[in-house]
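See structure below.
The values are calculated or read from the model by the stated rules, or taken from the named source; none is laboratory data. Owing to the predicted nature of the structure, the values given are computational and were not obtained by experimental measurement. Quick reminder, even Gly has a Cβ in these numbers, built from the backbone with ideal geometry, and neighbours come from all protein chains shown. Heads up: the accessible areas ignore ligands, DNA and RNA and are worked out on the full protein's heavy atoms, side chains in. Shrake-Rupley method; radii C 1.70, N 1.55, O 1.52, S 1.80 Å.
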Amino acid sequence: MNILVLPGDGIGPEITRATLQVLEAADRRFALGLRFETADIGFAALEASGTTLPDEVPKRARAADGILLGPIDHMAYPPRDQGGVNVSAAFRTGLDLFANIRPARTRPGVPHRGSDMDLVIVRECTEGMYPDRNMARGIGEFMPDPDMALSVRKITRRASTRIARVAFELARRRRRRVTTVHKANNFVMTDGLFLEAVRAVAGDYPDVEASEIIVDAMAAHLVRDAGRFDVICTSNFHGDILSDLASELAGGLGLAGAINANDERCAAQAQHGSAPDIAGRGIANPTSLILSASMMLAFLGEKRRLASYSTAARAVETAIDRTLAETHERTPDLGGNSTTETFATAVVRALESTPT
Ligand code: ATP
């Protein structure tokens, strides 16, 4: 299997290196036959070729079996006409990786706020409130005059239906509950259409319990008792914010893995950004990208029917859990003084010694 590795900006190169250490160990142990090729995106690519996303990268991504996508510092990019392309958005729309799957689970040995939880946010990520991905031409945000800015939100029945299907299918493999998060009381047409599409899909899954919650109430419910939720289905912007909240409640953004997927392809991408405040110091927590990589292995295991990949995915997650529960290895975001590298080395050790 060919994995395209895109280290990205800020802490990206550090956590990517650590994740590769773990993937290489998984490859050795489970004979996965992984082959890695690396390409520059973000500031490294901007310097070398004048754009944060050289044309050849999406082409190589389409040809690869899996993608390891590091975080990007889009906020600091120059305007698009000077080469600043939002790589994350371009991957989601260009490769149609419409489902952003973001688990939040409490882990033994990691302090967390509130109740124990094990939930997954299934977030639509190709349209919605994001101006750089909701128009065929131009962007969905504009300024009629310097003191007025307007923004357009796009919700389609097609995108809402397909994300709902991902959520209900996932719930069938978990605790069979889907909570749809919306704001249809105010966004009567857009969130109303989203809800209508989800309800239609829910009808095909009588074995899955479906409920609905308004987004602001959902924020309160997550803080109060996140343990009651299983799969949360929502549109782009709501999902972006709620997933940071859920991950922090579960123990921290540094633990938050994710994939962007469609039926055939997926990119492993941590939930957090490029954390420029700690970049280059070797102290970033690599767990989020390691868990994202584990989700990618699980995805490949399921879609290509490769038991060794599914086993490797579980083993990587267990190695993370064991490292956090049984050792004192902690990066500073979790109150420890491990480096990115020593933490990854401990995960490799746990992976090599975990029975399967
Ligand atoms: P960006 O603009 O790229 O989104 P950001 O700093 O605004 O970057 P995040 O990167 O998501 O947003 O970071 C939010 C906070 O969480 C920062 O203080 C950052 O240092 C911290 N953080 C995020 N990821 C990690 C990580 N893997 N390890 C340690 N701390 C992290």
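Every residue, every condition in (1) farther than 29 Å from Ala210 by Cβ; (2) open to solvent by 70 Å² or more (accessible area, probe 1.4 Å), yes or no:
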| residue | (1), (2) |
| --- | --- |
| Asp65 | yes, no |
| Arg80 | yes, yes |
| Gly84 | yes, no |
| Glu124 | no, no |
| Thr156 | no, no |
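Would you list the helices (runs of 4 or more DSSP H) that sit entirely within region 184-250 and hold 2 or more residues that are closer than 22 Å to His272 by Cα, modelled with pLDDT of 95 or more and within 23 Å of the chain's Cα centre (by Cα)? Lay out the reasoning, then the answer.
Values: elements: 190-202, 215-225, 236-250.
Result: 215-225, 236-250.
Examine region 323-333 for a residue that is open to solvent by 10 Å² or more (accessible area, probe 1.4 Å), away from the ligand (no atom under 11 Å from the Cβ) and either touching a Phe, Trp or Tyr at 6+ places or on another chain (Cβ under 6 Å) or assigned by TED's automatic domain parsing to the domain that holds His182 (or both), and state whether such a residue exists. Within region 323-333, one or more residues are open to solvent by 10 Å² or more (accessible area, probe 1.4 Å), away from the ligand (no atom under 11 Å from the Cβ) and either touching a Phe, Trp or Tyr at 6+ places or on another chain (Cβ under 6 Å) or assigned by TED's automatic domain parsing to the domain that holds His182 (or both).
When you look at Gly84, is it of a type outside the set (D, E, K, R) and touching a Ser or Thr at 6+ places or on another chain (Cβ under 7 Å), yes or no? Spell out the reasoning first.
Details: of a type outside the set (D, E, K, R): yes; touching a Ser or Thr at 6+ places or on another chain (Cβ under 7 Å): yes.
The answer is yes for Gly84.
Every condition in (1) in the same structural domain as His238 (by TED's automatic domain parsing); (2) within 16 Å of the ligand (Cβ to nearest atom); (3) open to solvent by 10 Å² or more (accessible area, probe 1.4 Å) holds for Pro146 except the one numbered (2). In this structure, is Asp263 in a loop (DSSP other than H, G, I, E, B), more than 10 Å from the ligand (Cβ to nearest atom), not assigned by TED's automatic domain parsing to the domain that holds Gly66 and not aromatic (Phe, Trp, Tyr)? In short, yes. Taking the criterion of being more than 15 Å from Ile72 (Cβ to Cβ), crowded, with 24+ Cβ neighbours inside 10 Å and within 6 Å of the ligand (Cβ to nearest atom), the only residue of region 271-288 that qualifies is Asn285. So Glu141 clears everything in (1) of a type outside the set (A, V, I, L, M); (2) under 28 Å from His221 (Cβ atoms); (3) more than 18 Å from the chain's Cα centre (by Cα) except one condition, right? Which one? Unmet condition: (2). Restricting attention to region 294-322, the residues that are among the hydroxyl-bearing types (Ser, Thr, Tyr) and surrounded by fewer than 23 Cβ atoms within 10 Å (Cβ to Cβ) add up to 4.
Number of residues in region 49-82 that are within 16 Å of the ligand (Cβ to nearest atom), under 21 Å from Gly138 (Cβ atoms) and not aliphatic (A, V, I, L, M): the value is 4. Within the set Asp27, Asp40, the sole residue that is more than 15 Å from the ligand (Cβ to nearest atom), open to solvent by 20 Å² or more (accessible area, probe 1.4 Å) and under 21 Å from the mean Cα position of the chain (by Cα) turns out to be Asp40.
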